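The values are calculated or read from the model by the stated rules, or taken from the named source; none is laboratory data. Given the structure is predicted, the values throughout are model-derived calculations rather than measurements. Here Cβ is always computed from backbone atoms with ideal geometry, including for glycine, and neighbour counts include all displayed protein chains. All accessible areas refer to the heavy atoms of the entire protein, side chains included, with ligands and DNA or RNA removed. Shrake-Rupley method; radii C 1.70, N 1.55, O 1.52, S 1.80 Å.
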Amino acid sequence: MPDESSATSHETIFRVRYAETDQMGVVYYANYLIWMELGRAEYCRAAGIRYRDMEVDDGVLLAVVEAHCRYLCPARYDEEIAVKTWVSKANLRMVEFQYEIRNAQNGRQLASGATKHMFLGANMRPVKLPEKYLPLFGITSVPART
C-alpha cells in the first residue's frame, strides 16, 4: 500500500441504508464496491471533474479491470460511513484507486480495497488520457516522443 500521507485524498461520508443490509442485519458485501464507486466519483468531483463530463466531452470511459476488497468488520444499518479515496498509481493508460472504509463515528476500519481502471474510447478500445486530466490523477509529466 502506498504512503497515503503523501497522496491527495478525498473523504465521502454517508449513512448505511436499510436496503444495503442483508438478513443478518449487516451490509451485504457487494455494496462495499458500490461505496468505492461513490468515493471515486466524489474524489473526481472534488477535484473539479465529473465522470460524465469525461465521457460526454472527451469520449473517455473509465472501465474497471480489477477490483479487490478486504473486509475487516461489518457495517450495520444507519451507521455513518466514511470512504477515503486516493490515486495510488496512474499513467496515460490506467489509474488505480485505493479505498479505506471506516465507521465515521468511532473510526473503526471496516474494509480496504482497490480498483484498477483503463481509459477507453467510445469504441471500448484503450486510449491515452487527455492532457487536461493528468493533474487529477497525479500524472506530472508526459514521456517525450521519440
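Residue-wise test of (1) among the aliphatic types (A, V, I, L, M); (2) more than 16 Å from Arg15 (Cα to Cα).
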| position | (1), (2) |
| --- | --- |
| Arg50 | no, yes |
| Leu61 | yes, yes |
| His68 | no, yes |
| Tyr71 | no, yes |
| Val95 | yes, yes |
| Ile101 | yes, no |
| Lys116 | no, yes |
| Gly121 | no, yes |
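Of the residues contained in the stretch 77-92, one or more are found to be surrounded by fewer than 13 Cβ atoms within 10 Å (Cβ to Cβ) and assigned to a loop (DSSP other than H, G, I, E, B). Entry remark, the stretch 5-57: residues being open to solvent by 30 Å² or more (accessible area, probe 1.4 Å), in contact (Cβ under 8 Å) with a residue 12 or more places away in the chain and aromatic (Phe, Trp, Tyr) number 3 in total. State whether one or more residues within the stretch 35-44 are touching a Lys or Arg at 6+ places or on another chain (Cβ under 9 Å), under 19 Å from Lys116 (Cβ atoms) and not small (Gly, Ala, Ser). Scanning the stretch 35-44, I find at least one residue that is touching a Lys or Arg at 6+ places or on another chain (Cβ under 9 Å), under 19 Å from Lys116 (Cβ atoms) and not small (Gly, Ala, Ser), so the answer is yes. A Cβ distance below 7 Å, combined with a sequence gap of six or more or placement on separate chains, defines the contacts here; from the stretch 105-120, residues that are over 23 Å from Phe137 (Cα atoms) reach residues that are buried (at least 17 other Cβ atoms within 10 Å of the Cβ) and among the polar types (S, T, N, Q) in the pairs Leu110/Asn103.
Screening Asn106 against (1) farther than 19 Å from Lys132 by Cα; (2) surrounded by 15 or more Cβ atoms within 10 Å (Cβ to Cβ) leaves a single unmet condition, (2).
In the stretch 109-136, the qualifying residues are those that are assigned to a loop (DSSP other than H, G, I, E, B) and among the small types (Gly, Ala, Ser), and the one that is surrounded by the fewest Cβ atoms within 10 Å (Cβ to Cβ) is Ala122.
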